[in-house]
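Read through the structure below, which is laid out as structure tokens, and then see the notes.
The values are calculated or read from the model by the stated rules, or taken from the named source; none is laboratory data. Computed from a predicted structure; not experimentally measured. Here Cβ is always computed from backbone atoms with ideal geometry, including for glycine, and neighbour counts include all displayed protein chains.
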Amino acid sequence: MLDIQPVNPTLGANVSGVDLRKPLSPADRDAIEAALVEYGVLFFRKQDITPEQHIAFARQFGELDVPPLQTKYSANPEMTVLDQDSPKGEGADEWHSDNTFAAIPPMGSVLRAVMIPPLGGDTCWANMHAAYDALSGPLRRMVDELSAVHDITKPMRKAIAAGHSVESLADIQAQWPPVVHPVARTHPVTKKKALFVNGNSTTQLVGMSERESETILRLLIDHVRDPLFQVRFSWDLHSMAFWDNRSVQHYAVPDYDQRRIMNRVTIVGDRPY
Ligand code: OGA
Ligand code: MN
């Protein structure tokens, strides 16, 4: 029987009693979707499933995204394969939510551990509603009025430099021009606000001088670093994490030097407002 247990008061829940090789019952699907919104990130262990079953699991929660950063080893356009052994500076080791450089960033991501180093390679998530709520009143009021530019250039440069992408920067930039998103986005289900800037893709606050933008954006980007908003997950082989990309950020701890392979599928979201 499906069992969902929160792991701390701020975010994260362990989900057990479900076999992801098979389609979910309607009741389990709905319970998982509700838990995703409530807890921000869901952890599943011992899901020895195929890439096709991984894709089929994600598809039960919406149409799948085809990510712009196609990785070299991906056999399926919907699946991103993260294959790393020197993760420092490669992109996921900076707090972010996925693909915010897109006009419509993903609703959620489903990540599965396919090969893990003997030690290290944990992932952290942060609840960006909690981060927003922790801002002081005056700063929150300012944030409510701000919007920011998100740009694919920096993550794409990192992917190319690390040898993870074979695509041309110019082609990708032409295909994914910079977009503007609110700095505090409203969750479409709960209507709660979440801080929505990140160090990977957010480059500028709209309507501010360069000096203002640099200082205030840095403050808002670094706000996520408070452990009060976070949960940390230690992967086993065949563990999975499913996060709400609208309300949480994540960070891959780059503390290993043996091979780590993760498969990721993202689900289409809606335009942030
Ligand atoms: C991702 C990502 C983190 C990790 O797949 O989007 O950031 O721990 N992964 O591999
Ligand atoms: Mn990511």
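Values computed for the structure shown
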quantity: Listing of strands (runs of 3 or more DSSP E) fully contained in the range 195-273 that carry 3 or more residues being touching a residue at least 24 places away in the same chain (Cβ under 8 Å) and within 14 Å of ligand 2 (Cβ to nearest atom); calculated: 240-244, 248-252, 260-267
quantity: Single condition D48 does not satisfy, out of (1) within 19 Å of the chain's Cα centre (by Cα); (2) in contact (Cβ under 8 Å) with a residue 40 or more places away in the chain; calculated: (1)
quantity: Failed item in (1) at positive phi; (2) at pLDDT 95 or above, with G91 passing the rest; calculated: (2)
quantity: Unmet requirement for S16, which otherwise passes all of (1) under 20 Å from the mean Cα position of the chain (by Cα); (2) closer than 18 Å to M1 by Cβ; calculated: (1)
quantity: Selection within the range 54-88 - among the aromatic types (F, W, Y), at pLDDT 90 or above and part of a loop (DSSP other than H, G, I, E, B); calculated: F61
quantity: Within the range 91-154, strands (runs of 3 or more DSSP E) holding 3 or more residues that are within 16 Å of ligand 2 (Cβ to nearest atom) and of a type outside the set (D, E); calculated: 108-115, 123-127
quantity: Any hit, the range 29-40, residues being over 14 Å from G108 (Cβ atoms), among the acidic types (D, E) and touching a Phe, Trp or Tyr at 6+ places or on another chain (Cβ under 9 Å); calculated: no
quantity: Residue, surrounded by the fewest Cβ atoms within 10 Å (Cβ to Cβ), within the range 78-113, restricted to residues that are within 12 Å of ligand 1 (Cβ to nearest atom), of a type in the set (A, V, I, L, M) and within 24 Å of E33 (Cα to Cα); calculated: A113
quantity: Residue in the range 166-180 that is within 27 Å of F43 (Cβ to Cβ) and either outside any helix (DSSP H, G or I) or within 12 Å of ligand 1 (Cβ to nearest atom) (or both) present; calculated: no
quantity: Total residues in the range 236-273, condition under 19 Å from G120 (Cβ atoms), crowded, with 22+ Cβ neighbours inside 10 Å and of a type in the set (F, W, Y); calculated: 0
quantity: Residues of the range 223-269 that turn out to be of a type in the set (A, V, I, L, M), within 21 Å of K88 (Cα to Cα) and touching a helix residue (DSSP H, G or I) at 6+ places or on another chain (Cβ under 6 Å), as a count; calculated: 1
quantity: Selection status of D85, in contact (Cβ under 8 Å) with a residue 60 or more places away in the chain and more than 16 Å from ligand 2 (Cβ to nearest atom); calculated: yes
quantity: Residue pairs meeting the criteria (Cβ under 8 Å; at least 6 apart or on separate chains; first more than 25 Å from F61 (Cβ to Cβ) and modelled with pLDDT of 95 or more, in the range 109-134; second away from ligand 2 (no atom under 16 Å from the Cβ) and in a helix (DSSP H, G or I)); calculated: A134/H223; A134/L228; A134/F229
quantity: Residue count for the range 114-137, restricted to those that are among the hydrophobic types (A, V, I, L, M, F, W, C) and either buried (at least 22 other Cβ atoms within 10 Å of the Cβ) or more than 16 Å from ligand 1 (Cβ to nearest atom) (or both); calculated: 7
quantity: Only one of P155, P177, P227 that is over 30 Å from P9 (Cα atoms), surrounded by fewer than 16 Cβ atoms within 10 Å (Cβ to Cβ) and within 21 Å of the chain's Cα centre (by Cα); calculated: P177
quantity: Selection within the range 2-33 - under 20 Å from H250 (Cα atoms) and of a type in the set (G, A, S); calculated: G12, A13
